[in-house]
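Below is one structure, written out as C-alpha cells, with a few remarks after it.
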Amino acid sequence: MKKTYPRVLSIAGSDPSGGAGIQADIKSCSANGVYAATAITAVVDENTVGVTGVHPVPDAFVAGQIRSVLGDVGADAVKIGMLHSASLIRTVRRTLDEFPEVGAIVLDPVMVATSGDALLESDAVASLCADLIPRATIITPNIPEAEILLGRRVAEGEDLAGVGRELASRFPGVAVYLKGGHGVDGVVEDVLVGAPGAEVVRFSAPRVNTVNTHGTGCTLSSAIASHLALGKSVAEACEAAHAYVHGAIVAGALYEIGRGHGPVHHFWNQTPSKAATSSSEAAV
C-alpha cells in the first residue's frame with residue numbers, strides 16, 4: 001500500500017522574482033508538509049520594487065488547468081489568490097462546482113500588491129463578493145482589502161475584531177482571518193472571526209523591523225490551506241500558519257534580495273541537509 005500526499009491546489013498568478021504568487025504558494029505548501037499543484041491565472045511582470053504588467057491567462061485555459069489537477073491528482077484544500085477579472089472569478093467558481101468533493105477553500109482576495117500596485121480590475125469586486133467568497137471556507141484580507149470589501153474606511157486604531165465581525169456578517173458561513181499589519185507598542189495583531197465552534201481568536205507577534213514582506217499574504221493563505229489539508233480545524237490551521245509566517249519574516253529579515261520589499265524565508269523551519277551543512281563548513 002503506497003503512501004498518499006495531503007494535496008493543495010493553488011489558483012493564482014505568478015511572480016518571476018519568486019517571493020509571491022504561485023511561487024510563494026509552492027514554497028509555503030512544501031515547507032508545511034503538503035503537495036502543491038497549481039493553476040496559473042496570470043503571468044505577472046513584477047519584482048521586489050513593483051508590478052510592471054499583468055498578462056492574463058485565458059479563462060478557459062485556467063478552467064482546463066483546474067480540471068486537469070482535480071480530475072487526476074485531486075486536492076484536500078484549495079487556495080485561491082489573484083483573479084484579475086469578473087469573468088475569471090465566475091469561471092473559477094463554476095469549475096470548482098464541478099468537483100463537490102473538494103474540501104476547504106482558502107480565498108486570499110488579492111487586490112493590491114505590497115508595492116501598492118492594483119492587481120484586480122475595479123468591476124471584479126462585486127463578482128468576488130457575490131460569486132466566489134460565499135463558496136470559500138475562509139478569506140484572508142488585509143486592511144486595504146477589507147476596506148474595499150466593506151466599502152468604507154477602517155479607522156486607525158479601530159478594533160480588528162469588530163471589522164472582522166462586520167465582514168463575517170456580510171458573508172455568512174465564511175470565516176475571516178483579518179491581517180492587521182499595524183502594531184501597538186511593537187506588537188502586530190491579526191484576528192480570526194467566524195471559525196466553526198470558535199470565539200474570536202487573536203494572533204499577536206512582535207513587530208519585525210524589516211522591509212522583506214513581499215508575498216506574506218500569499219504565504220499565509222497557502223500555509224492555512226496546507227494545515228487544513230492536513231486535517232486541522234480552521235482555528236488550528238490559522239494558528240499554525242500564523243506561527244510559520246512570523247518565523248519566515250524573522251528569518252527573512254536577515255537577507256537582502258532585490259532593491260525593494262524582499263521575500264520572507266519560506267524554508268526557515270526546515271533542517272539543513274548534510275550536504276548543505278558540509279558545504280557551508282567547507283567555505284568557512
Next item on the list: With a 1.4 Å probe and every protein chain left in place, tell me how much accessible area Cys129 has, in Å² to the nearest 10.
Entry: 20
Note to self: Over the chain, how many pairs of lysines fall under 20 Å by alpha carbon, counting only those 8 or more apart in sequence or from different chains?
What the structure shows: 5
Next item on the list: Could you give the spread of the C-alpha atoms of the chain along their three principal axes, from largest to smallest, in whole angstroms?
Entry: 57, 51, 41
Next item on the list: Report the extension gain between Glu158 and Thr210 in nm, rounded to one decimal, defined as 0.36 nm multiplied by the number of residues separating them, less their alpha carbon distance.
Entry: 16.3 nm
Check: For Ser204, Ser28, what's the largest-to-smallest order of accessible area, 1.4 Å probe?
Finding: Ser204, Ser28
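Among rounded, prolate and oblate, which fits segment 124-275 when a ≥ b ≥ c are the square roots of the eigenvalues of its C-alpha gyration tensor, a/c under 1.5 means rounded, and a/b larger than b/c means prolate?
Verdict is prolate for segment 124-275.
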Next item on the list: For the chain, with a Gaussian network of springs between Cα atoms less than 10 Å apart, report the residue from Pro56, Pro172, Pro141 with the top mean-square fluctuation.
Entry: Pro172
Next item on the list: Give the relative contact order (percent, whole number) for segment 24-170; include only Cα pairs under 8 Å separated by 6+ residues.
Entry: 18
Next item on the list: Provide the gained length on full extension for the span Phe61 to Glu256, in nm with one decimal, where the gain is 0.36 nm per separating residue minus the Cα-Cα distance.
Entry: 66.6 nm
Next item on the list: Extending each Cα 7 Å along its Cβ direction at Glu147 and Glu199, get the distance between those two points in nm, one decimal.
Entry: 3.1
Check: Antiparallel DSSP bridges in the chain: what percent, to the nearest 5?
Finding: 45
Item checked: Cα-centred dipole magnitude for the chain, charges only on beta-carbon of K, R (+1) and D, E (-1), debye, nearest 20 -> 620
Check: When you count, for each residue, the other Cβ atoms within 10 Å and take the mean per peptide, how do 43-50, 73-80 rank with the highest first?
Finding: 73-80, 43-50
Margin query: Starting from 0.36 nm per residue, how many nanometres of slack lie between Thr271 and Asp72 once their C-alpha separation is accounted for?
Written below: 68.5 nm
Checklist line | Residue with peak Gaussian network fluctuation, the chain [Cα springs, cutoff 10 Å], from Thr41, Thr95, Thr137 | finding: Thr95
Check: Please state the relative contact order of segment 13-111 as a whole percent: Cα pairs under 8 Å, 6+ residues apart?
Finding: 24
Item checked: FRET E, pair Ala126, Ser233, Förster distance 41 Å, beta-carbon r, rounded to 0.05 -> 0.85
Note to self: Give me the percent relative contact order of segment 187-241, please, defined on Cα pairs under 8 angstrom at least 6 residues apart.
What the structure shows: 31
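The values are calculated or read from the model by the stated rules, or taken from the named source; none is laboratory data. Note that the coordinates shown come from a computational prediction; the quantities given were computed from them, not determined experimentally. All Cβ positions, glycine included, derive from the backbone under ideal geometry; neighbour counts span all protein chains shown. Each accessible area value is taken on the protein alone, full model and side chains, heavy atoms only, with ligands, DNA and RNA left out. Shrake-Rupley method; radii C 1.70, N 1.55, O 1.52, S 1.80 Å.
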